[in-house]
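Comments concern the structure below.
Derivation of every value follows stated rules applied to the coordinates shown; laboratory data play no part. Since this is a predicted model, take the numbers as computed values, not measurements. We place every Cβ from the backbone using ideal geometry, glycine too, and count neighbours over all the protein chains shown.
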Amino acid sequence: MSEKTSTLLSDVTIKGDIVEKERLVTDSKIEGDITADQLQTHEGAKITGNISSSKVTLGGLSKGNINADQIRIRSTADVDGVLNQKNLSVEDGAKLKIKTETY
């Protein structure tokens, strides 16, 4: 069984919530909450809203609360919000304005 991936490129802007049962990769502007099994954002992504996922990799701007089993923050990320996770990793250079809780 192959994993399905939805991709939103940099020229896409979405206002509204997104629900993806499997994997979402984005470099776009999103105003709304995101629910996905796995979420990966790239450097150009601008997300304003809450994220709920089992595995999140952030590479762009994220403003909102994040609830995930595993959160990886890349060096290109700018994260503002409350993080609630089991595992958290942060690369050097990431901009953070966060409160974090491990469960």
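So the values come out like this:
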quantity: Across K55/K95; K4/K63; K21/K99; K29/K97; K4/K99; K29/K55, pairs whose alpha-carbon gap is larger than 22 Å; calculated: K4/K63; K21/K99; K4/K99
quantity: Dipole in debye (nearest 20) - the chain, about Cα centre, beta carbon charges: Lys, Arg +1; Asp, Glu -1; calculated: 140
quantity: Semi-axis lengths (Å, descending) of the ellipsoid that matches the C-alpha gyration tensor of the chain; calculated: 19, 16, 13
quantity: Residue exposure sequence - T7, T26 - by fewest surrounding Cβ within 10 Å; calculated: T7, T26
quantity: Per-peptide average of other Cβ atoms within 10 Å, ordering 87-95, 74-82 highest first; calculated: 74-82, 87-95
quantity: Farthest toward positive dipole pole in the chain [+1 Lys/Arg, -1 Asp/Glu at C-beta], among V25, L61, Q38; calculated: L61
